[in-house]
Amino acid sequence: MSDPTGLAAWLRLTLIPGIGGESQRKLLAAFGLPEAVFAAGPLAVRGIIGSRADLLFEHDSADLVERSLAWAAQPGNVIITLADADYPPALLEIPDPPILLYLRGDPAHLQGRGLAIVGSRNATPQGCQTAESFARTLAVHGLPIVSGLALGIDAAAHRGALSGGGPTIAVVGTGADRLYPAGNRDLALAILEQGVIVSEFPLGTSPLAANFPRRNRVIAGLTRGVLVVEAAPQSGSLITARLAAEQGREVFAIPGSIHSPLARGCHQLIKQGAKLVESAADILEEFTDLVAESPSEPSIAKSNSHPIITALGHDPCSLDELVARTELGADRLLGELLTLELAGRIACLPGNRYQRLA
């Protein structure tokens with residue numbers, strides 16, 4: 001937003017307690033820009049939102065407005081409004097777009113559409129590896145990855161996107177000036193170098209439980225689809241998936257063991273019509289207009305020349321044998337094996353053994 005005077009009016013409109021997004025949108029629809037709302041006076045505004053109109057003219061938010069303007073003047077910080085030309089076009093399609101967006105990083109990443117990858121904060125190691133590998137493969141093919149910067153699956157998705165060289169978008173449920181959770185601070189700083197952090201909440205907003213469903217609609221709104229990796233039946237990830245379906249986005253889910261509580265949410269989504277996903281290719285085929293062929297992964301997806309596939313040979317092989325053959329550490333090898341499995345090049349067999357696929 002280039003006009004501080006105009007932005008001050010937008011901030012004043014949105015920083016008044018008790019005047020929520022629905023009321024703000026009604027006022028903008030009735031009067032146009034925020035300056036016109038305040039110029040209309042209490043009586044006219046009362047005709048639109050009732051007695052709450054008095055809050056608009058009695059509440060003093062000058063300090064918050066000045067603080068927000070000062071924040072937006074710092075390099076790397078941006079506040080954009082619903083009327084700005086660089087407002088994310090995908091969010092204009094949802095029923096309740098945020099009036100303001102507080103951004104850290106490059107706003108240009110919000111002009112396209114990507115895929116949201118979400119799941120449990122208490123994910124299994126396998127689930128985190130799966131999310132990271134999917135995100136890396138999709139990022140390599142040019143698909144931006146959107147998630148919520150939470151622990152578990154969200155963090156793994158952001159890491160995978162960064163390692164794949166693609167942009168990643170973190171939509172947070174706090175003020176954009178707060179890095180939450182603290183354990184993801186380094187990850188958030190890395191995202192600022194290669195993506196953007198997004199919040200609709202005023203600066204200083206704490207991580208209140210009520211904020212996260214609102215955040216989830218923005219996660220879904222910025223995308224063409226949502227992939228749920230691991231989720232319990234009652235979880236925020238399923239809320240994101242439901243909102244995505246209501247917004248006309250695709251919903252994908254990765255199946256798991258029938259004995260795993262974190263697979264039940266995904267199985268529930270599949271029963272409701274979500275696309276069952278076994279590899280990144282299952283998603284890429286749905287977004288052929290958004291993705292590009294990657295020259296950097298042919299050895300994984302299209303040929304048998306990958307060194308791990310060569311080391312496997314044609315008979316089942318244990319992880320220990322592969323460590324010895326490849327001289328790779330077990331952690332790195334597990335990540336590579338998961339990528340190959342998702343690409344359909346190998347299969348994981350009982351007993352922690354792996355086999356090359358034709």
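The values are calculated or read from the model by the stated rules, or taken from the named source; none is laboratory data. Only a predicted model underlies this, so the values are computations on that prediction, with no experimental measurement involved. Every residue, glycine among them, receives a Cβ derived from its backbone with ideal geometry; neighbour counts consider all protein chains shown. Surface areas here come from the heavy atoms of the whole protein model, side chains and all, with no ligands, DNA or RNA. Shrake-Rupley method; radii C 1.70, N 1.55, O 1.52, S 1.80 Å.
Of the residues that make up region 232-246, is at least one of a type in the set (D, E, K, R) and either open to solvent by less than 20 Å² (accessible area, probe 1.4 Å) or touching a Gly at 6+ places or on another chain (Cβ under 9 Å) (or both)?
The answer is no; no qualifying residue exists.
The conditions are (1) open to solvent by 10 Å² or more (accessible area, probe 1.4 Å); (2) in contact with a helix residue (DSSP H, G or I) (Cβ under 7 Å, 6 or more places away or on another chain), and Arg185 fails exactly one of them. Which is it?
(2)
Answer yes if at least one residue in region 82-100 is farther than 15 Å from Leu203 by Cα, β-branched (Val, Ile, Thr) and surrounded by 18 or more Cβ atoms within 10 Å (Cβ to Cβ), and no otherwise.
yes
Being under 30 Å from Leu11 (Cβ atoms) and buried (at least 18 other Cβ atoms within 10 Å of the Cβ), is that true of even one residue in region 257-268?
No: zero hits.
Does Ala209 satisfy the criteria of being assigned to a loop (DSSP other than H, G, I, E, B), open to solvent by less than 10 Å² (accessible area, probe 1.4 Å) and within 27 Å of Asp63 (Cα to Cα)?
no
Determine, yes or no, whether Ile145 is under 21 Å from Gly165 (Cβ atoms) and in contact with a Phe, Trp or Tyr (Cβ under 8 Å, 6 or more places away or on another chain).
No, not satisfied.
Under 9 Å between Cβ atoms, at least 6 apart or on separate chains: pull out the pairs that start in region 159-175 with a residue that is closer than 14 Å to Arg136 by Cα and end on any residue that is aromatic (Phe, Trp, Tyr).
Cβ pairs passing all conditions: Gly160/Phe134.
With the checklist (1) touching a residue at least 60 places away in the same chain (Cβ under 8 Å); (2) exposed (fewer than 14 other Cβ atoms within 10 Å of the Cβ) in hand, flag the one item Ala39 doesn't pass.
Here Ala39 meets the rest and fails (1).
Is it fair to say Thr137 is surrounded by 18 or more Cβ atoms within 10 Å (Cβ to Cβ), modelled with pLDDT of 95 or more and under 19 Å from Arg224 (Cβ atoms)?
When the stated conditions are applied, Thr137 does not pass them.
Restrict the check to region 173-194 and report whether at least one residue is assigned to a helix (DSSP H, G or I), of a type in the set (D, E, K, R) and farther than 30 Å from Leu340 by Cβ.
Among the residues of region 173-194, at least one is assigned to a helix (DSSP H, G or I), of a type in the set (D, E, K, R) and farther than 30 Å from Leu340 by Cβ, which makes the answer yes.
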